[in-house]
């Protein structure tokens, strides 16, 4: 009965029903009992498990703690008013007392269940944060290594390609220089040949340098040879006629035979000259043909060298264009590597920031764990207080029962 009659220092009201403001907790009353449950269920799935994405903030935990304080305050008020009512209406029925006791036990069990759920949510949040931090750090390191490997491979590929093109360009330049030297030599030889042909044409023993003039000269010499042959035939015919005339006149005609002898000697001399001239013409014709063929071969060689030089120039231009294209591609690749490096640095900064935030969250979780432990202690104290109240209620029921028993004989005697 002392717990009923005496004044409880933990209650905000005294026995007279007046409010003791110094005993009120330093908390802000936000709403009814559903406040804490609503704050918890806002981040919980229908099955009561916490989402790995949404984590409770410090404000949510503060709201839950405020709700628990309010529930504790309401519980103390109920116990106090129940005791006051039992004191005022001692002879009433004990049904309200049992009902209140049942409600208090239900509230206690609900608070224990909420505490267990909050502990599970706290463990789930801690595991989710650890797994998220490990996953982000692993992905960042793998992305960094892959980007570095790709950059090295791209750099090696372009370096090899540029080296090959530089070697090809150098070989093409050397070949072009060789062809240019050969073409210059052939040009000098052609100039010398033209000078020689020009000198021969000026001396009257050879024709001009063009091949068409050479053919005309050959035709002229052939016509001269034919004329000489005709002249030789005519002379042979004259000689034969003279011989016949000599044979007709007989041996007495001495001056005629001397004349025939002279003519024969002259004809022999002319035959020798014709043979010499014929040999010279044949030699000149063969030499002409050889020089014409050599000149045609040199012209063909010069044409071939000019075509090869043009082809090498085109290949050189193409190689230069390819080198420029590859240089631009390499610059683009370097710019892309710089951009990837910037992204990688930004990712590393984000990871560092996330690590700092994870450390802050870990500290917050540790703080909340300590707060929950304190709340567990408070709940244990409340449980002890409720047990004390249960004992007081039992004593009150016993006293009420005794009072009712004592009241019944009095009423019987009075009747």
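The values are calculated or read from the model by the stated rules, or taken from the named source; none is laboratory data. Please read all numbers here as calculations on a predicted model, not as lab measurements. Note: ideal-geometry Cβ built from the backbone for every residue, glycine included; neighbour counts use all protein chains shown.
One table, with the values for the structure above:
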quantity: Tabulated pairs, the stretch 330-353, first not assigned by TED's automatic domain parsing to the domain that holds residue 134 and modelled with pLDDT of 85 or more, second surrounded by fewer than 12 Cβ atoms within 10 Å (Cβ to Cβ) and in a helix (DSSP H, G or I), C-beta under 6 angstrom, 6+ apart or interchain; calculated: none
quantity: Test: residue in the stretch 144-161 that is out of contact with any helix residue (DSSP H, G or I) (no Cβ under 7 Å at 6 or more places or on another chain), modelled with pLDDT under 80, more than 26 Å from residue 351 (Cα to Cα) and surrounded by fewer than 17 Cβ atoms within 10 Å (Cβ to Cβ); calculated: yes
quantity: Residue match in the stretch 302-323 (condition: closer than 30 Å to residue 135 by Cα, touching a residue at least 40 places away in the same chain (Cβ under 8 Å) and surrounded by 11 or more Cβ atoms within 10 Å (Cβ to Cβ)); calculated: no
quantity: Answer from 350, 374, 334, 315 - the residue that is within 22 Å of residue 119 (Cα to Cα) and part of a helix (DSSP H, G or I); calculated: 374
quantity: Failed condition for residue 252, given (1) part of a loop (DSSP other than H, G, I, E, B); (2) at pLDDT 65 or above; calculated: (2)
quantity: Verdict on residue 198 being more than 23 Å from residue 313 (Cβ to Cβ), at pLDDT 70 or above, surrounded by 13 or more Cβ atoms within 10 Å (Cβ to Cβ) and not assigned by TED's automatic domain parsing to the domain that holds residue 309; calculated: no
quantity: Residue among 360, 395 that alone is without any contact (Cβ under 8 Å) to a residue 60 or more places away in the chain and either assigned to a helix (DSSP H, G or I) or touching a helix residue (DSSP H, G or I) at 6+ places or on another chain (Cβ under 9 Å) (or both); calculated: 360
